[in-house]
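Undergrad: I have a structure I would like to understand better, so I am pasting it below and will then ask my questions one at a time.
FYI, it's all coordinate maths here, none of it is from the lab. Everything numeric here is computed off the predicted structure, so don't read it as measured data. Don't worry about glycine lacking a Cβ; one is built from the backbone with ideal geometry, like all the others, and counts go over all protein chains shown.
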2 protein chains.
Amino acid sequence: MTRPSTTADDILDCARTLIVSGGYNGFSYADIAAVVGIRKASIHHHFPAKSDLVRTLVARYRAEAAAGIGAVDRNVPDPLNQLRAYVGYWEACIADASAPFCLCALLACEIPVLPADVVAEVRAHFRTFSGWLTKVLARGVAEGRLRLTGTPEAEAEAFLATVHGAMLSARAYGDPSMFATITHPLLERLVRPH
Amino acid sequence: MTRPSTTADDILDCARTLIVSGGYNGFSYADIAAVVGIRKASIHHHFPAKSDLVRTLVARYRAEAAAGIGAVDRNVPDPLNQLRAYVGYWEACIADASAPFCLCALLACEIPVLPADVVAEVRAHFRTFSGWLTKVLARGVAEGRLRLTGTPEAEAEAFLATVHGAMLSARAYGDPSMFATITHPLLERLVRPH
DNA sequence: GTCAGTCTGCCTACTAGAAGGTAGGTATGT
DNA sequence: ACATACCTACCTTCTAGTAGGCAGACTGAC
């Protein structure tokens, strides 16, 4: 456990906020410098190129997401409640505006103009989550808790897409509650009546 | 029916392609100039500021979308087939890569850094479509063709969000068929069994 | 008809500022 | 002595946007 100066993390935190708000081309090193209280050139010391910064950021984001998935897998036994935990996490982030959009979802919008190594990380994030959701849905069916109309794979992709679309609609309407309006019925539909 | 030079339209067409691929901050007047075969300054003759260009573009896009809705309303009697027409339109656009993303959905991602007048147009587009979908779904229920689990309003928002999320997933995976994988079950779920 | 005036569409040439990035220096800690 | 973290100063390229000119098409007045 090295404990390096927190500046690199501050830069990443700031970059994340800026990207979530305006995308890859919506922020500059100058923007970060102003917030972190450092000179523009000093950011290049930590991250030589912008693509290095964003690639590192997405990698860290993916690690955090993997840890989050791990925690849910360990602490939430019921598959349905696992889905609720996932949706609830974003509901809270959007409600308090702390992170009103998934970093990778936003970057995915701009894939055609993104550096290739960033694209690879973003794509991997999508695969990680659709894979996890597939597993959760399949287990929910096996345990008789969930009711699917398609394969777990297809339902997982649809679930992920709807969650991302819900983020987008919440942003489009400027109304955080839109996220819950869309995602709660999505969850309820999966509940197997007993 | 004035027939002005088509240059302004060429500029708008080009801007649309560029925005759909990389967003508001992902293109410049120089990019358009290179494609249209005109000088950078000449674009300012047609659209003084970038926000003017994009606002006009979104307004035109909305007019086209309204015309499309009108045509579907007139030519497709069945509500379920109306939904199929809407989804099918995007399926074709994504498959042939002619317009692999909804202009307004992509701009909505960047709302926090967009000019206010552009945001207003984008927001209006979302309202137009969720309104139309609400109407179609309600009529589908009234005619006994569709089966909803929630209110037409909520189902319409979920439908729109899933379609947008499906575009995003198709882009994220670099796989156009992902759009159909997500949207076809979405449609089938609404079919009322007879 | 034609001739001045004007409007349109596009041009060259330019600006100020912001973009990402580099060179080379200094203070500090090991 | 070496590396880390940061600095000032600078570079090139790109950004949106402006100023002013020029050729051609439309306008009305004579």
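Undergrad: What does the charge add up to near A:THR134, with Lys and Arg as +1, Asp and Glu as -1, over the other residues with Cβ less than 11 Å from its Cβ?
TA: Working: positive: A:ARG127, A:LYS135, A:ARG139; negative: A:GLU153, A:GLU155, A:GLU157.
Cβ neighbours under 11 Å give a net charge of 0.
Undergrad: Whole angstrom only: what separates the Cα centroid of segment A:133-194 from the Cα centroid of segment B:29-56?
TA: 42
Undergrad: Using 7 Å Cα-to-Cβ label points, what is the A:ALA85/A:ARG147 separation (nm, one decimal)?
TA: 2.5
Undergrad: Between copies, how far does the label point of A:ASP10 sit from its twins, in nm, shortest first, when each point is 7 Å from Cα along Cα→Cβ?
TA: 5.1
Undergrad: Let me ask something else about it. Using the Cα centre of chain A as origin and beta-carbon charges of +1 (Lys, Arg) and -1 (Asp, Glu), tell me which of A:GLY144, A:VAL54, A:TRP90 is placed farthest towards the positive end of the dipole.
TA: Final value for the positive-end residue is A:GLY144.
Undergrad: How far is B:ARG145 from itself in the other copies, in nm, if each label sits 7 Å out from Cα along the Cα-Cβ line, shortest first?
TA: 3.9
Undergrad: Can you order the peptides B:119-127, B:54-62 by their average number of other Cβ atoms within 10 Å per residue, highest first?
TA: Values: B:119-127: 18.2, B:54-62: 19.8.
The peptides rank, most packed first, as B:54-62, B:119-127.
Undergrad: Who wins for biggest fluctuation among B:PRO79, B:PRO48, B:PRO152 in a Gaussian network model of chain B, springs between alpha carbons below 10 Å?
TA: Among B:PRO79, B:PRO48, B:PRO152, the largest mean-square fluctuation in the Gaussian network model of chain B belongs to B:PRO48.
Undergrad: Please give the residues of segment A:93-126, grouped as numeric ranges, whose backbone N is less than 20 Å from a label point set 7 Å along the Cα-to-Cβ vector of A:ALA63.
TA: A:103-105, A:117-126
Undergrad: Further question: 7 Å along Cα→Cβ for the label point: how many nanometres lie between B:ALA41 and each equivalent label in the other copies, listed shortest first?
TA: Distances between equivalent label points, in nm: 3.6.
Undergrad: So how tilted is helix A:50-75 from the main axis of chain A? Cα-based, degrees 0 to 90, rounded to 10.
TA: Once rounded, the angle reads 30 degrees.
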